[in-house]
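Taking it in order: structure first as structure tokens, then the write-up.
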Amino acid sequence: MENTDAKLIEKIKTLQQRKNAIILAHNYQLGEIQDIADFVGDSLELSQKAAKTDADVIVFCGVHFMAETASIICPDKVVLLPDLHAGCPMADMITAQRLQEKKKEYPKATVVCYVNTTAAVKAKSDVCCTSANGVRIVEKLADAEQILFVPDQYLGSYIASKIGREMILWPGFCSTHIRIQPQDILRLRAEHPQAKVVVHPECRPEVTALADAVLSTGGMIRFAHETEAEEIIIGTEVGIIHRLRKENPGKRFIPASEQAICPRMKLITLDTVLWSLETMAHQVKVPERTRLKAKAAVDKMLEVG
Ligand code: 13P
Ligand code: SF4
């Protein structure tokens with residue numbers, strides 16, 4: 001007999017208790033995963049949560065770099081990623097070796113890496129940032145002669161425009177967010193003239209230029225609670241709409257593009273979460289030398305918050 005969702009959830013909860021496991025889920029996860037998670041959040045909130053938990057096991061419902069970040073912060077915990085194919089294509093647009101070559105070209109540059117990077121890339125960076133704290137982090141680097149920002153050119157150019165300084169940008173991008181086009185925003189604004197438009201800084205500059213606010217996914221959640229607008233156009237991965245609707249039943253959320261789907265985020269399912277708790281796989285662990293170097297960059301970020 002096939003397991004129904006209710007049966008799967010019951011089994012997950014039982015195993016979770018037995019193994020003292022916490023389930024952390026990113027805002028882009030499938031609705032059923034968000035609903036069983038102990039905590040749902042953006043990249044920064046998830047790493048802050050991982051840093052504070054006293055669970056023995058973290059089941060990370062997100063993509064590989066997020067599980068790696070949890071493992072960098074909590075080396076003594078077992079960090080599980082229910083599907084190893086859940087990787088971030090943008091994080092794979094840079095390697096530690098290619099970053100090392102770039103650093104030789106710009107030996108005086110301070111390297112800021114977006115959290116969407118491997119531990120090996122973080123280990124070669126000076127400080128890490130997320131979309132929630134990128135502007136604050138780079139602002140603090142006023143004394144840096146040059147800044148090399150990797151790997152998201154769009155987050156990098158957004159931060160550069162906010163603080164009015166040039167940065168050397170790695171040419172990476174998010175293959176999901178670039179699907180959101182300026183004409184999507186223009187059309188939806190015409191159809192919903194009262195609506196507010198919020199977009200993620202991974203969107204193209206032509207898109208961020210049209211928005212009322214440019215926010216991390218956690219920032220969008222707060223914006224939705226606080227705004228008096230009843231209609232909000234959401235320019236990011238569509239998974240976040242589940243949480244927005246659930247938490248704000250009186251408001252209407254309109255995805256800027258139905259095509260903004262991150263396929264890797266959707267690989268985590270109730271079945272794979274259960275399998276992961278049953279088999280204690282896939283364990284994500286960063287080699288200690290790399291971890292210590294990467295941790296220095298992550299710690300600098302967490303100090304800023
Ligand atoms: P947030 O940190 O804003 O949740 O973004 C993570 C991400 O992968 C965006 O594509
Ligand atoms: Fe990576 Fe983009 Fe997916 Fe975020 S939405 S995990 S940046 S591919």
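The values are calculated or read from the model by the stated rules, or taken from the named source; none is laboratory data. Since the model is a prediction, treat every value here as computed from it, not as a measurement. Cβ: placed from backbone, ideal geometry, glycine included. Neighbour counts: every protein chain shown. Remember, those area values only see protein heavy atoms, side chains included, never the ligands or the DNA or RNA. Shrake-Rupley method; radii C 1.70, N 1.55, O 1.52, S 1.80 Å.
A few notes on this one:
- Test for PRO107: is it in a loop (DSSP other than H, G, I, E, B) and crowded, with 23+ Cβ neighbours inside 10 Å: no
- In the range 65-92, the qualifying residues are those that are over 21 Å from LEU15 (Cβ atoms) and β-branched (Val, Ile, Thr), and the one that is nearest to ligand 2 (Cβ to nearest atom) is THR69.
- Residues of the range 201-221 that turn out to be in a loop (DSSP other than H, G, I, E, B) and within 16 Å of ligand 1 (Cβ to nearest atom), as a count: 7
- Among the residues of the range 1-33, the ones that are within 16 Å of ligand 1 (Cβ to nearest atom) and farther than 22 Å from ASP56 by Cα come to 4 in all.
- Single residue of the range 236-262 satisfying the filter (of a type in the set (Val, Ile, Thr) and not in a loop (DSSP other than H, G, I, E, B)) that is farthest from the chain's Cα centre (by Cα): ILE254
- Filtered residue count, the range 67-99, keeping only those that are within 16 Å of ligand 1 (Cβ to nearest atom), charged (D, E, K, R) and within 18 Å of ALA51 (Cβ to Cβ): 1
- Taking the range 268-305 as the range and being assigned to a helix (DSSP H, G or I), closer than 20 Å to HIS85 by Cβ and open to solvent by 60 Å² or more (accessible area, probe 1.4 Å) as the test, the residues that pass are ASP271, TRP275, GLU278, THR279.
Residue by residue, here is whether (1) in contact with a Lys or Arg (Cβ under 9 Å, 6 or more places away or on another chain); (2) within 14 Å of ligand 2 (Cβ to nearest atom); (3) more than 19 Å from LEU30 (Cα to Cα) holds:
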position	(1), (2), (3)
ARG204	no, yes, yes
ALA213	yes, no, yes
PHE223	yes, no, yes
ALA229	yes, no, yes
GLY235	no, yes, no
ILE240	no, yes, no
ASN248	no, no, no
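- Every pair of residues 6+ apart whose Cβ atoms lie under 8 Å, when the first sits in the range 182-200 and is farther than 20 Å from ALA224 by Cα while the second is open to solvent by 80 Å² or more (accessible area, probe 1.4 Å) and part of a helix (DSSP H, G or I): PRO182/GLU206
- Number of positions in the range 85-104 that are of a type in the set (Val, Ile, Thr) and open to solvent by 10 Å² or more (accessible area, probe 1.4 Å): 1
- Subset of the range 222-235 (residues that are in a helix (DSSP H, G or I) and open to solvent by less than 10 Å² (accessible area, probe 1.4 Å)): ALA224
- Considering residues of the range 169-190 that are within 22 Å of the chain's Cα centre (by Cα) and aliphatic (A, V, I, L, M) only, the residue nearest to GLY87 (Cα to Cα): ILE178
- For the range 1-39, the set of residues classified as of a type outside the set (A, V, I, L, M, F, W, C) and within 16 Å of ligand 2 (Cβ to nearest atom) consists of HIS26, ASN27, TYR28, GLN29, GLN34, listed by residue number.
- Residue that is nearest to ligand 2 (Cβ to nearest atom) [pool: residues in the range 43-64 that are touching a residue at least 40 places away in the same chain (Cβ under 8 Å) and open to solvent by less than 10 Å² (accessible area, probe 1.4 Å)]: VAL63
- Each residue in the range 147-160 was checked for being within 16 Å of ligand 2 (Cβ to nearest atom) and free of Cβ contacts under 8 Å to residues at least 60 places away in the same chain, and 9 pass.
- Criterion (over 24 Å from ARG98 (Cβ atoms) and within 14 Å of ligand 2 (Cβ to nearest atom)) met by exactly one of ILE180, ILE185, ILE163: ILE180
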